[in-house]
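Have a look at the structure below before the remarks.
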Ligand code: UDP
Ligand code: MG
């Protein structure tokens, strides 16, 4: 059985950065066995904000969402691993922290949907689109297989 890896775009949003939760959030993904293959702190530009949230243009919360994502620096990440897109969303919890399961990042660290401290791509296609908005390929370091050998490849030996 072949376990192919996916990559996904994750961001600690400005409220997470300001509240000192960068390390705590990254740790959740690392503990799962996902690998951080790209990482940087940036101020999101107008172009990046609009491109990132294009699907939400016209919705009532859109202007506020753009202001939110640009309200301070974010920590942008690319995370790689088996089933990383859905797996990361599972770790993050539902968009509304009040509906997110206890133990997820949003349930544990956030109170309202407008300040839900973390972003994660919702599909492999979204992930590839979003990664391009924030990273050049030469800023990503997917080499090295030790994590996947330890976490999933032992299954493939059967
Ligand atoms: N959001 C909001 N109000 C809403 C829906 C969404 O403020 O009613 C914000 C929230 O920060 C959310 C982001 O817009 O994370 C993107 O919404 P989406 O539905 O894509 O949720 P996500 O994929 O982040 O769980
Ligand atoms: Mg989304």
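Readers should treat all values here as calculations from the given coordinates under stated rules, not as data from a laboratory. These numbers come from a predicted model, not from an experiment. Glycine gets a Cβ as well: all are built from the backbone with ideal geometry, and neighbour counts include every protein chain shown.
Figures for the structure shown
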quantity	calculated
The chain: most fluctuating residue of 29, 135, 61 per GNM, C-alpha cutoff 10 Å	61
Net lengthening on full extension, residue 128/residue 94 (0.36 nm per residue, minus Cα-Cα)	10.1 nm
Radius, Kirkwood style, for the range 31-93 when every pair of distinct Cα atoms is counted (Å)	13.4
Kirkwood hydrodynamic radius of the range 65-110, from inverse mean 1/r over distinct Cα pairs, in Å	12.0
Cα long-axis angle, helix 22-32 against the chain (0 to 90 degrees, to the nearest 10)	30
Computed FRET value (nearest 0.05) for residue 71 with residue 101, which takes r as the C-beta separation and R₀ as 30 Å	0.65
Rounded to 10°, Cα long-axis angle of helix 124-134 versus longest principal axis of the chain	60
D (Stokes-Einstein, µm²/s), Kirkwood Cα radius, the range 16-158, 1.567 mPa s at 4 °C	80
Residue among 32, 59, 99 with the largest mean-square fluctuation in a Gaussian network model of the chain, springs linking Cα atoms under 10 Å	59
Nitroxide proxy distance, nm - points 7 Å out along Cα→Cβ at residue 36 and residue 113	3.0
